[in-house]
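The values are calculated or read from the model by the stated rules, or taken from the named source; none is laboratory data. These numbers come from a predicted model, not from an experiment. Quick reminder, even Gly has a Cβ in these numbers, built from the backbone with ideal geometry, and neighbours come from all protein chains shown.
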């Protein structure tokens, strides 16, 4: 199903509509949703990314210096499912996850292009 809305939107609303399928942000008390879709929360008077906080909480310690938290469904604001977040040891592994996901989508959409 494709969302079709007639009218003109500013760049911010166009990107939000494309990214989330809705024009308005979810408003939750104590949360801030950035324009790129990442959710920030306040912890001990400091603004932190929600996905990083949840990953550190699951680990029981701070993330290593080069670690990156990856969203499996590639939606920056989707931190509600614990299985959606993967802690990557570095940027190279993070890029590999994106590459594999992209290849999987292509293989399932165009199976005749691939020879195993």
message: Please go through region 58-74 and give me each residue that is at pLDDT 90 or above and either over 18 Å from the mean Cα position of the chain (by Cα) or part of a loop (DSSP other than H, G, I, E, B) (or both), ordered by number.
response: 59, 60, 61, 62, 63, 64, 65, 66, 67, 72
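So that you can scan it fast, the table gives a plain yes or no per residue for (1) in contact with a strand residue (DSSP E or B) (Cβ under 8 Å, 6 or more places away or on another chain); (2) under 26 Å from residue 12 (Cβ atoms); (3) exposed (fewer than 13 other Cβ atoms within 10 Å of the Cβ):
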{"residue": "53", "(1), (2), (3)": "yes, yes, no"}
{"residue": "60", "(1), (2), (3)": "no, no, yes"}
{"residue": "78", "(1), (2), (3)": "yes, yes, no"}
{"residue": "88", "(1), (2), (3)": "yes, no, no"}
- prompt: Looking at (1) touching a residue at least 12 places away in the same chain (Cβ under 8 Å); (2) under 14 Å from the mean Cα position of the chain (by Cα), can you tell me which one residue 90 breaks?
  reply: (2)
- line: A careful count of residues in region 32-48 that are outside any loop (DSSP other than H, G, I, E, B) and free of Cβ contacts under 8 Å to residues at least 12 places away in the same chain gives 4
- prompt: If only one of 24, 35 is at pLDDT below 70 and surrounded by fewer than 13 Cβ atoms within 10 Å (Cβ to Cβ), which one is it?
  reply: 24
